Amino acid sequence: MPTPNFAEVPHEVVRWSIDTQTSFDEFQARYEAAVPAVDLDRIAQLRAEHASWDAVLADAARSAPHGFLRFWSTDVGGLMRLAGHRGSCAAYLMGNHTIAERMYRHDPAVMLYAPLRTAIHEDRQGITRFSIDRPSTRFASFGDPDITAVGLELDRKVVNLLKVLDVPVPAALTASVAQD
């Protein structure tokens, strides 16, 4: 019997790990150019001005040419080299606050997965990969069709971003997104 102050929600998550077919440094540069850093000063300014949500939407559309912004990043590989590891790895939080709002209105707990966590890393064979949990598998766990629909939209946006980044998108990935 469930306890009223506790919920346990098991869910399956699908991780996409895509060969970028380029070097770590090259892909990281392309990714960071295509997914610009969020301008926190600009967001603070909009808040101070009590800007309308329409102004926030317009600002985000200008700031995120491919739908996503970088909210955080770290050089994991640099730190792990201190432990003797060789591969490069950078971790990111990538998202769009205006897209997140469309889920937040239904359940603020979606912020557990928004922004999306991504990694650019070299695998054991030295292949540079872009890895991300499929957004729809994260957001479907909330059991709300409106949140799930945004998760599916994010799947398509990630696939589009890969195309912008000139990454050969595996046919299976394109097909799985097209089915939704």
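FYI, it's all coordinate maths here, none of it is from the lab. Since the structure is predicted, the reported quantities are computational estimates derived from the model, not experimental observations. Note: ideal-geometry Cβ built from the backbone for every residue, glycine included; neighbour counts use all protein chains shown.
Quick notes
- Filtered residue count, region 42-64, keeping only those that are charged (D, E, K, R) and either touching a residue at least 24 places away in the same chain (Cβ under 8 Å) or under 30 Å from residue 121 (Cα atoms) (or both): 1
- Given (1) aromatic (Phe, Trp, Tyr); (2) over 23 Å from residue 36 (Cβ atoms); (3) part of a strand (DSSP E or B), index of the condition residue 130 fails: (2)
- Subset of region 20-41 that is surrounded by 14 or more Cβ atoms within 10 Å (Cβ to Cβ) and over 17 Å from the mean Cα position of the chain (by Cα) - its residue that is farthest from residue 122 (Cα to Cα): 22
- Residues of region 153-174 that are within 13 Å of residue 134 (Cβ to Cβ) and of a type in the set (A, V, I, L, M): 154, 158, 159, 162, 172, 173.
- Residue within region 4-18 that is among the small types (Gly, Ala, Ser) and surrounded by fewer than 11 Cβ atoms within 10 Å (Cβ to Cβ) present: yes
- Checked against (1) of a type in the set (Lys, Arg); (2) in contact with a Phe, Trp or Tyr (Cβ under 9 Å, 6 or more places away or on another chain); (3) over 26 Å from residue 18 (Cβ atoms), residue 105 meets all criteria but (2).
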